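One structure below.
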Amino acid sequence: MKILVTGGAGFIGFHLCTKLLKQGHEVIVLDNLLTGTKDNIEELNKHNNFKFVYHDINKPFDYEVNQIYNLACPASPVYYQKDPIQTTTTNVLGTINVLKLAKKYKARVLQASTSEIYGDPLENPQKETYTGNVNTLGPRACYDEGKRCAETLCMDYLRQYKVDVKIVRIFNTYGPNMYENDGRVVSNFIVQALKNKNITIYGDGSQTRSFQYIDDLINGMTLMMESKNFVGPVNLGNPKEISIIKLAKIIIDLTNLNSDIEYKNLPEDDPKRRFPDISLARKMLNWEPEIQLKDGLLKTISYFKERI
Ligand code: UDP
């Protein structure tokens with residue numbers, strides 16, 4: 001099959017493309033390298049069936065493909081807030097360009113949505129039926145509302161033009177090939193511990209997330225792409241809730257180093273609790289995360305040890 005991956009030079013894209021290439025597919029990546037890396041592209045370039053195109057999906061493009069994974073958009077709060085207007089346009093104009101292409105070639109689209117569409121949730125755990133609690137005016141809105149609008153566009157292209165769309169809502173994901181300076185909690189804590197720096201906890205660390213290992217996510221995404229008669233949205237995440245302070249302690253234990261904890265201000269609109277209800281993914285995709293947090297963290301720690 002011929003598959004287009006927008007944002008394929010990023011963390012998730014790299015792992016997804018690696019799997020698709022191993023399965024024998026032809027893969028084209030469009031990426032403007034805002035957060036994607038040349039290292040990832042160099043690695044993927046080792047496969048014969050791989051093609052990289054330096055391109056911003058806000059501008060039109062035309063490739064005849066069977067499937068499209070729409071991953072393009074910075075996903076770390078630090079990066080998506082750097083140029084918030086670009087973040088919104090990538091999710092809106094970029095997604096329209098993806099959907100137009102899908103319409104033209106009757107390609108199937110998997111939209112990478114996010115747990116951020118739930119905002120600072122008032123319902124825990126989050127089910128797909130929960131409509132969320134997003135502050136439209138805050139610094140996270142460019143990403144949250146952008147991704148919400150992208151879901152709307154997918155549903156409208158489905159209703160208006162019968163475009164074959166699928167939506168996954170991705171919860172916090174970690175693993176090898178995250179960037180050292182990504183700014184997200186797992187990479188920050190591991191890199192800080194390995195460099196013997198203080199572990200920076202924002203707020204008092206009582207806020208919660210849940211963390212899924214990258215391989216589990218990629219399995220869920222490809223299962224969803226291959227599923228029949230199921231549009232979603234479907235949550236893909238680890239259902240185990242954990243506080244940020246607990247995560248810090250686990251990483252300090254696993255690295256066996258003695259970093260101190262340093263408390264910093266909690267960013268505006270930082271969700272207090274977030275973890276998914278994954279019964280829909282269990283039922284429709286027969287999917288659930290398999291990799292335990294400690295095992296996944298150990299793999300991620302050894303990746304960063306090599307790099308640092
Ligand atoms: N966080 C933290 N220290 C860091 C980075 C993040 O305490 O060095 C917190 C952040 O405030 C949030 C959680 O960890 O409550 C997850 O943040 P991340 O940026 O990884 O992703 P988010 O789920 O907020 O998009």
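Each principal axis of the Cα cloud of the stretch 156-264 was taken in turn, and the coordinate range along them, longest first, works out to 56, 25, 24 Å. Projecting the Cα atoms of Gly132, Leu20, Gly94 onto the dipole axis of the chain, where Lys and Arg carry +1 and Asp and Glu carry -1 at the beta carbon, places Leu20 farthest toward the positive end.
Tell me, what % of the accessible area of the stretch 1-46 is carbon and sulfur with a 1.4 angstrom probe?
Numbers: 860 of 1810 Å².
Here carbon and sulfur together make up 47 percent of the probe-accessible area.
Please go through the stretch 20-105 and write out the trypsin sites (Lys or Arg not before Pro) that DSSP classes as loop and that have at most 11 other C-beta atoms within 10 Å. Listed in order of number, the matching sites are Lys46. Put simply, the amide H of Thr173, placed in the peptide plane, has neighbours under 5 Å in Gln212, leaving out anything fewer than 5 places away on its chain.
If you scale each eigenvalue of the Cα gyration tensor by 5 and take the root, what three semi-axes come out for the stretch 34-155, rounded to whole angstrom and sorted largest first?
Semi-axes from the Cα gyration tensor: 27, 18, 14 Å.
Here Lys228 is the anchor, and the aspartates and glutamates within straight C-alpha reach of less than 15 Å, apart from those fewer than 8 places off in the same chain, are Asp164.
Pairs of alpha-carbon atoms within less than 8 angstrom and 6+ residues apart define the contacts here; what relative contact order does the chain have, in percent? Before the final figure, lay out the partial values.
Details: 625 pairs, mean separation 52.9, N = 308.
Here the relative contact order equals 17 percent.
Taking the Cα centre of each part, how many Å lie between the stretch 35-66 and the stretch 86-102? So the two Cα centres are separated by 16 Å. Couplings 3J(HN,Hα) for the stretch 130-137, derived from phi with the Karplus relation 6.51 cos²θ - 1.76 cosθ + 1.60 (θ = phi - 60°), are 6, 8, x, 9, 9, 7, 5, 9 Hz, where x marks Gly and Pro. Excluding ligands, DNA and RNA, the accessible surface per residue across the chain is 45 Å² with a 1.4 Å probe.
With Cα atoms as the point set, the chain shows a radius of gyration and Dmax of 18.5, 57 Å.
Solvent-accessible area of the stretch 153-200 (1.4 angstrom probe, protein heavy atoms only): carbon and sulfur portion equals 45 percent.
Order these peptides, 2-9, 274-281, 110-117, by their mean beta-carbon neighbour count within 10 angstrom, highest first.
Numbers: 2-9: 26.1, 274-281: 21.9, 110-117: 24.4.
Highest-to-lowest ranking by the protection proxy: 2-9, 110-117, 274-281.
Taking every DSSP beta bridge that has both ends in the chain, the antiparallel portion is near 5%. Remark: relative contact order (the stretch 14-75) = 36 percent; criterion is Cα-Cα distance under 8 angstrom and separation of 6 or more residues.
Taking a label point 7 Å from the Cα of Lys103 along the Cα→Cβ vector, which residues of the stretch 133-153 have an amide N closer than 17 Å to it? The answer is 150-153. Summed over qualifying helices (DSSP H, 4 residues or more, each -39500 (n - 2.57)) and divided by its residue number, the chain shows a 222 nm mean residue ellipticity of -11500 deg cm²/dmol.
The values are calculated or read from the model by the stated rules, or taken from the named source; none is laboratory data. Note that this is a predicted model, so its numbers are computed, not measured. Counting neighbours? That spans all protein chains shown, and the Cβs are built from the backbone with ideal geometry, glycine included. Keep in mind that these areas ignore ligands, DNA and RNA; they rest on the heavy atoms of the full protein, side chains included. Shrake-Rupley method; radii C 1.70, N 1.55, O 1.52, S 1.80 Å.
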